[in-house]
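Q: I am attaching a structure below and will ask some questions about it afterwards.
Nothing in this text is a laboratory measurement; each read-out follows from the coordinates by a stated rule. None of the values given here were measured: they were computed from a predicted structure. Every residue, glycine among them, receives a Cβ derived from its backbone with ideal geometry; neighbour counts consider all protein chains shown.
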Amino acid sequence: MPEYKAPLRDMQFAINEVLKFDQHYQNLPGAEDATPDTVAAILDEAAKFCEQVVSPLNPVGDREGCRWQDGKVSTPTGFKAAYDQFIESGWPGLSQKVELGGQGLPSSVNAFVYEMLASASHAWSMYPSLSWGAIKTVAAHASEELQQRYLPKLISGHWSGTMCLTESHCGSDLGLLRTKATPNDDGTYNISGSKIFISAGDHDLTENIVHIVLARLPDAPEGVGGISLFLVPKFWIDESGNAGDSNGVTCGSIEHKMGIHGNATCVLNFDSARGYLISAPHKGMSAMFTFINESRLGVAQQGQAHIESSFQGALAYAKERVQMRAPVRVLPDKPADPIIAHPDVRRMLLTQKSLAEGARLLNYYCAQLVDISHDSADAAERERAETELALLTPIAKGFITEMSMEATSNGVQVLGGHGYIAEWGMEQEYRDTRITAIYEGTNGIQGLDLLGRKILASGGKVAESFMKQVTAFCQQGQPDAVAPLVVSVQQSLQLWQSVTEEVGAKAMAGDKNAIGAAAYDYLMIAGYATLAYFLVRGAAVAAQALEQGSGDGDFYRAKIANARFYCERLLPRAQALASSIRSGADNLMDMGEGVFGL
């Protein structure tokens with residue numbers, strides 16, 4: 001079983017040297033306490049908690065799963081003790097408002113910590129992470145009275161939160177949802193209906209669970225335009241602010257899943273459960289996107305976390321496993337060599353390594369944009385950050401999770417037969433990450449969002465700021481060691497832009513299937529280009545450090561080698577994806593139903 005070790009040196013490289021968070025925090029109002037020393041101390045302590053407390057629970061959660069009996073859910077052995085330690089140490093409120101009991105640090109600091117939590121145990125980390133999304137949603141949309149009533153205990157971690165969207169008949173097509181909200185005389189609403197696939201929907205970790213629920217008012221129009229957003233507690237809150245009587249929310253069952261067994265995925269039944277309207281009437285979907293976008297960025301981090309954990313396990317095994325003679329002998333006096341000396345094993349390991357490091361940079365950059373969009377004093381900077389987040393959120397969620405499936409599959413493959421059995425933990429990484437490409441909007445939906453609703457709908461304006469940034473980097477003049485890689489970034493950006501124009505022209509010419517047929521491949525082209533930029537940006541920083549005589553030469557040379565591998569081995573895939581897009585929609589749609597034997 002691999003033992004997770006927080007990659008603190010790699011994290012510090014991304015935070016301090018590439019993305020320069022120290023300067024970012026100096027320019028961010030209210031971030032004065034996020035000094036480099038403070039952030040480093042937080043990372044050190046979080047690493048200890050994740051390595052020593054959470055990581056050992058990962059196989060336990062997978063093996064035991066959650067238990068449902070008499071409408072109640074019990075979490076695996078050790079989960080509650082770890083959660084109690086988590087809240088006692090103040091981790092839930094790290095980036096929450098001081099006046100409500102939080103520590104007031106920027107949200108990006110929480111993102112750094114979440115990478116480690118998700119790497120240690122995806123299933124366990126979901127319990128607190130869903131609460132963070134609920135907190136942000138309540139803070140953005142609920143009345144001041146409701147915020148004062150619910151946020152302190154959510155922030156302390158004594159209560160938790162969920163997002164309740166999906167119903168059995170509608171999946172991602174939320175315009176079809178049927179859950180009803182009937183007004184009461186006291187300003188509350190009775191919520192009735194059933195929701196499925198509710199992560200952390202019921203458990204024994206907290207005193208209360210605050211559900212953020214989509215439902216329809218009696219006069220609601222059909223479709224997405226008739227959805228409202230409600231806050232519904234599992235237990236009603238008494239006048240003293242404590243959890244009291246049961247509130248008509250019950251867990252009807254828990255799902256038996258491919259992975260993340262340690263997190264309860266629930267069917268929740270709302271039987272005239274009382275709640276509060278927290279969006280404007282019929283404007284619930286736009287309000288819920290506060291939670292959805294927060295969660296999509298969190299899922300991107302989950303994908304990266306699995307890449308990192310799988311890489312660590314595969315690398316340790318490849319260094320120790322002796323098998324077959326390598327083309328260039330490592331142990332010439334022995335009958336076999338460590339498998340890390342074999343080119344194909346190195347291909348798989350370098351794929352994992354480059355994806356882990358590139359995805360980390362992208363995720364941290366998105367975290368930086370979230371800080372700016374929420375807290376910058378400069379309105380133009382807030383607008384820029386929001387625009388870049390609109391572009392990068394579907395790329396981060398979609399591309400990273402797709403590559404996480406490939407990377408964790410490589411982790412199984414490096415171990416061969418040992419990777420396929422549960423004892424080594426690699427197949428769990430593969431199974432657990434599979435959900436990341438599905439929930440918070442499948443990756444096909446992410447592609448449609450990126451290409452149709454973001455780039456083409458804006459006439460390309462949503463991509464301008466980020467593409468200008470990439471172009472400026474390429475034109476700056478970089479160290480000789482990375483100059484060829486900069487050319488690769490430029491070419492990938494040009495390919496992305498040309499494919500955008502081509503698909504847009506087809507759609508404008510009346511091809512109704514042009515966007516849908518291209519969306520997934522388009523998402524992947526955008527992802528390959530985006531990660532290339534961040535990896536080469538990191539390589540340029542490493543090359544400058546080497547030119548200045550850094551004593552950490554091996555570390556920096558590895559960054560350049562990693563970017564080179566990515567640009568020469570993985571980035572060319574974008575050309576094949578462009579060819580697929582250029583083949584058009586006819587090979588999907590014009591063959592008739594007979595192609596499926598119908």
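Q: Can you tell me which of 356-369, 209-222 comes out highest on packing, and rank the rest after it, using the mean Cβ neighbours within 10 Å? Working shown, then result.
A: Values: 356-369: 25.5, 209-222: 20.0.
Highest-to-lowest ranking by the protection proxy: 356-369, 209-222.
Q: Further, regarding this structure: When the chain is fully extended, how far beyond the present Cα-Cα distance does residue 378 get from residue 238, taking 0.36 nm per residue of separation?
A: Full extension from residue 378 to residue 238 adds 46.2 nm.
Q: If you project the alpha carbons of the range 129-209 onto their three principal axes, what span does each projection cover, largest first, in Å?
A: Largest to smallest, the principal-axis extents are 36, 32, 23 Å.
Q: State, as an integer percentage, the relative contact order of the chain based on alpha-carbon contacts under 8 Å between residues 6 or more apart.
A: 13 percent
Q: Which of the helices in the chain, when you take each full DSSP H run, stretch at least 30 Å along the axis at their Cα atoms and have an average Kyte-Doolittle score of -0.5 or higher? Kindly include the intermediate steps, with their values, before the conclusion.
A: Values: long enough: 284-320 (54 Å, -0.07); 343-375 (48 Å, -0.20); 379-415 (51 Å, 0.06); 483-508 (38 Å, 0.34); 514-547 (48 Å, 1.08).
Helices passing the filter in the chain: 284-320, 343-375, 379-415, 483-508, 514-547.
Q: What is the magnitude of the charge dipole of the chain about its Cα centre, with +1 placed on the Cβ of each Lys and Arg, -1 on the Cβ of each Asp and Glu, and no other charges, expressed in debye to the nearest 20?
A: The dipole of the chain has a size of about 1320 debye.
Q: Rounded to the nearest 0.05, what FRET efficiency is calculated for residue 271 and residue 438 with R0 set to 41 Å and r the Cβ-Cβ distance?
A: Using R0 = 41 Å, I get an efficiency of 0.90.
Q: Charges at C-beta only: +1 for Lys and Arg, -1 for Asp and Glu. How large is the resulting dipole of the range 287-447 about its Cα centre, in Debye rounded to 20?
A: Magnitude of the dipole: close to 800 debye.
Q: Stretch residue 204-residue 568 to full length: gain in nm at 0.36 nm per residue minus the Cα-Cα span?
A: Difference between extended and current length: 126.1 nm.
Q: Karplus couplings for the range 9-24 from phi (6.51 cos²θ - 1.76 cosθ + 1.60, θ = phi - 60°), rounded to Hz, Gly and Pro as x?
A: Each residue's phi maps through the Karplus curve to give 5, 5, 5, 5, 4, 5, 6, 8, 8, 8, 8, 6, 5, 4, 5, 4 Hz.
Q: Could you tell me the number of lysine pairs in the range 187-328 with C-alpha atoms less than 28 Å from each other, where the two lysines are 8 or more residues apart or belong to different chains?
A: Total qualifying Lys-Lys pairs in the range 187-328 comes to 5.
Q: Separation between the residue 98 and residue 501 pseudo-spin-labels, each 7 Å from Cα along Cα→Cβ, expressed in nm?
A: In this crude spin-label approximation the distance works out to 5.2 nm.
Q: At 222 nm, what helix-only mean residue ellipticity would the chain give, in deg cm²/dmol to the nearest 500, using -39500 (n - 2.57) for each DSSP H run of four or more?
A: Helix-only estimate at 222 nm: -17500 deg cm²/dmol.
Q: Given the peptides 240-249, 572-581, arrange them by the average over their residues of other C-beta atoms within 10 Å, most packed first.
A: Working: 240-249: 14.7, 572-581: 16.3.
Going from most to least packed, we get 572-581, 240-249.
Q: Find the Rg to Rh ratio for the range 521-598, where Rh is the Kirkwood radius over alpha-carbon pairs and Rg uses the same atoms.
A: Rg/Rh for the range 521-598 comes to 1.32.
Q: In straight Cα distance, which aspartates and glutamates are under 20 Å from residue 468, not counting same-chain residues fewer than 8 positions off?
A: Within the straight-line limit of under 20 Å, residue 468 reaches these aspartates and glutamates: 378, 381, 383, 386, 388, 501.
Q: Moving on. With +1 assigned to the C-beta of every Lys and Arg and -1 to the C-beta of every Asp and Glu, and no other charges, what is the dipole magnitude of the range 106-235 about the Cα centre in debye, to the nearest 20? Show your work: numbers first, answer last.
A: On the way: 8 positive and 12 negative charges, 25 e Å.
Around 120 debye, computed over the range 106-235.
Q: Using Cα centres only, tell me the gap between the range 124-156 and the range 24-62 in whole Å.
A: 20 Å
Q: Run through every distinct alpha carbon pair of the range 287-447 and return the Kirkwood hydrodynamic radius in angstroms, one decimal place. Kindly include the intermediate steps, with their values, before the conclusion.
A: Details: mean 1/r = 0.0584 Å⁻¹.
Radius from the Kirkwood sum: 17.1 Å.
Q: Which of 125, 495, 327 sits farthest toward the positive end of the charge dipole of the chain, with +1 on the Cβ of Lys and Arg and -1 on the Cβ of Asp and Glu?
A: 327
Q: Just how many % of Cα pairs in the range 391-477 lie over 20 Å apart, if you round to the nearest whole percent?
A: Value for the range 391-477: 53 percent of Cα pairs lie more than 20 Å apart.
Q: So, one more: Any number yet on Rg/Rh for the range 210-284, C-alpha, Kirkwood?
A: Rg/Rh: 1.05.
Q: Counting only DSSP beta bridges with both residues in the chain, what percent are antiparallel, rounded to the nearest 5?
A: Restricted to the chain, the bridges split so that about 80 percent are antiparallel.
Q: If you don't mind, there's one more thing I want to ask. Under 8 Å for C-alpha pairs, at least 6 residues apart: give me the relative contact order for the range 455-588, rounded to a whole percent.
A: After rounding, I find 31 percent.
Q: Hey, how many Å between the Cα centroid of the range 485-543 and the Cα centroid of the range 216-267?
A: First find each Cα centre; the distance between them is then 39 Å.
Q: Tell me which of 156, 459, 539 sits at the most positive position along the dipole axis of the chain, charges placed on C-beta atoms (Lys, Arg +1; Asp, Glu -1).
A: Result: 539.
Q: Can you give the extra length, in nm with one decimal, that the chain gains between residue 465 and residue 587 once fully stretched, where that is 0.36 nm per residue apart less the Cα-Cα distance?
A: Values: separation 122, 0.36 × 122 = 43.92 nm, distance 3.48 nm.
My answer for the length gained is 40.4 nm.
Q: Could you give the nm distance between label points at residue 41 and residue 333, where each point is 7 Å from its Cα heading toward the beta carbon?
A: 5.1 nm
Q: Let me ask something else. What lysines does residue 48 reach when the alpha-carbon gap must be under 22 Å and sequence neighbours fewer than 8 apart in one chain are set aside?
A: Reachable lysines: 5, 80.
Q: Mind pulling up the Rg/Rh value for the range 436-569? Radius of gyration and Kirkwood radius, both on Cα.
A: 1.07
Q: Okay, moving on. Which listed residue (87, 19, 317) has the Cα farthest towards the positive end of the charge dipole for the chain, taking +1 on Lys and Arg C-beta and -1 on Asp and Glu C-beta about the Cα centre?
A: 317
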